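The values are calculated or read from the model by the stated rules, or taken from the named source; none is laboratory data. None of these values were measured; they are calculated from a predicted model. No Cβ is skipped: glycine too gets one built from the backbone with ideal geometry, and neighbour counts run over all protein chains shown.
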Amino acid sequence: MKIGILTSGGDAPGMNSVVRAVCRSALNKGMEVVGIMRGYNGLLNGDVINMDAMTVSGIIQRGGTCLYTARCNEFRNIEGVKKAKENCVKMGLDGIVVVGGDGSFRGAADLSAQGIPCIGIPGTIDNDISCTDYTIGYDTAMNTCVQMIDKICDTAASHDRCSVVEVMGRKAGYIAINVAVAVGAVACITLEKEYDLDEIAKKMIESKAHGKTHFIIVVSEGVGKTEYITKTIQDLTGVESRATVLGHVQRGGAPTLRDRVAATKLGYYAVELLEKGVGNRVCGFKQGEVYDVDIMEALSMKKPFEDELYDILYKTAF
Ligand code: F6P
């Protein structure tokens, strides 16, 4: 057998660990492996590299993706998918592992429908893929946020300030709520929950009267109002406030142990599926166990927000 591996969409720490696991698992089963460069673009323009065990040596601990990544517009229409299929046939590919998010999985479903079995592996810092409890990159990104916000907290404390910190997550607040709890934030503002700046300000003023001097508020990027929130909190509380947008620092860096192990498990499992000739599946974690699910079913699932953690935040914040 000959299989391909590509990374697609926004990069995430741990993507390299998946590439390594897929490559080595496949080679150890006697398969040939090619790395497809820059997501689906590499399939369309034939930009692929032959991989051996040494190609992936020393990458398990590296951030980013050695295969590069991209969002590919041409692949969104059926002509693009058909062209990719023809190239797969020319290259003799019996299957492809696609590491990415929901958009990438749609492409994988389309290509599977054209007869090229594809297996999706959830790779995004946002943890916003419903079919899995966990996505590769999430833990590393959250730990980066915690390190950055701990530093911000030092200066907020020195100046008696409130720091309002925007974290990534697209429309999802999973990074925000976990990071907020971990840094001892007084509030977490996300799209999933109603928020009341007057109420937050009231509690800040009360706690200031009891001696609290500095504050952290975490805002999920999807809310889109970080500057406004910062100014409003300052106006309502009289506490000098600063906004910080953490940005792409959250997508880089060496993957944590959790991301490396999760990546290795999913990479190995994906190859096992392709070996059996199975395609059109996403693999992920359900209650800690690796499992796989039909791509369209995966895309129709809804993931609950962390309501319990959100409640705990507000019950421990002051
Ligand atoms: O999906 C990962 C992510 O980092 C989101 O959190 C963020 O909204 C988006 O990608 C940013 O994308 P780009 O790097 O293309 O600006």
All but one of (1) assigned to a loop (DSSP other than H, G, I, E, B); (2) within 16 Å of the ligand (Cβ to nearest atom) hold for residue 98; which doesn't? (1)
Quick one: which of 258, 281, 242 is surrounded by fewer than 19 Cβ atoms within 10 Å (Cβ to Cβ) and touching a strand residue (DSSP E or B) at 6+ places or on another chain (Cβ under 7 Å)? 242
Please work out if residue 35 is part of a strand (DSSP E or B) and not hydrophobic (A, V, I, L, M, F, W, C). yes
Just checking, does segment 268-279 include any residue being in contact with a Cys (Cβ under 8 Å, 6 or more places away or on another chain), under 30 Å from residue 98 (Cβ atoms) and small (Gly, Ala, Ser)? yes
Restricting segment 245-284 to residues that are within 16 Å of the ligand (Cβ to nearest atom) and not small (Gly, Ala, Ser), the one farthest from residue 65 (Cα to Cα) turns out to be 245
State yes or no: is residue 62 among the charged types (D, E, K, R) and within 15 Å of residue 137 (Cβ to Cβ)? yes
Whether any residue in segment 110-119 is in the same structural domain as residue 46 (by TED's automatic domain parsing) and assigned to a strand (DSSP E or B) is what I want to check. yes
Does residue 209 meet the test of being more than 17 Å from the chain's Cα centre (by Cα) and surrounded by fewer than 24 Cβ atoms within 10 Å (Cβ to Cβ)? yes
Looking at this structure, is residue 129 within 15 Å of the ligand (Cβ to nearest atom), of a type outside the set (D, E, K, R) and in a loop (DSSP other than H, G, I, E, B)? yes
With the checklist (1) more than 16 Å from the ligand (Cβ to nearest atom); (2) closer than 25 Å to residue 123 by Cβ; (3) part of a loop (DSSP other than H, G, I, E, B) in hand, flag the one item residue 192 doesn't pass. (1)
Looking only at segment 153-189, which residues are within 12 Å of the ligand (Cβ to nearest atom), closer than 17 Å to residue 304 by Cα, of a type outside the set (Val, Ile, Thr) and not in a loop (DSSP other than H, G, I, E, B)? 174, 176
The correct count of residues that are in contact (Cβ under 8 Å) with a residue 24 or more places away in the chain, at negative phi and under 28 Å from the mean Cα position of the chain (by Cα) in segment 171-206 is 22
Which numbered condition residue 61 fails, given (1) modelled with pLDDT of 95 or more; (2) closer than 22 Å to residue 279 by Cα; (3) surrounded by fewer than 17 Cβ atoms within 10 Å (Cβ to Cβ): (2)
Output the qualifying pairs, or none if there are none: Cβ atoms under 8 angstrom, residues six or more apart or on different chains, first residue in segment 247-264 and closer than 22 Å to residue 283 by Cα, second residue exposed (fewer than 15 other Cβ atoms within 10 Å of the Cβ). 255/61; 260/61
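Scan segment 160-199 for residues that are more than 23 Å from residue 248 (Cα to Cα) and of a type in the set (Ser, Thr, Tyr) and jot them down.
If the condition is that a residue be more than 23 Å from residue 248 (Cα to Cα) and of a type in the set (Ser, Thr, Tyr), then 195 is the only one that fits.
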Screening 93, 67 for residues that are modelled with pLDDT of 95 or more, under 24 Å from residue 294 (Cα atoms), away from the ligand (no atom under 16 Å from the Cβ) and assigned to a loop (DSSP other than H, G, I, E, B) leaves only 93
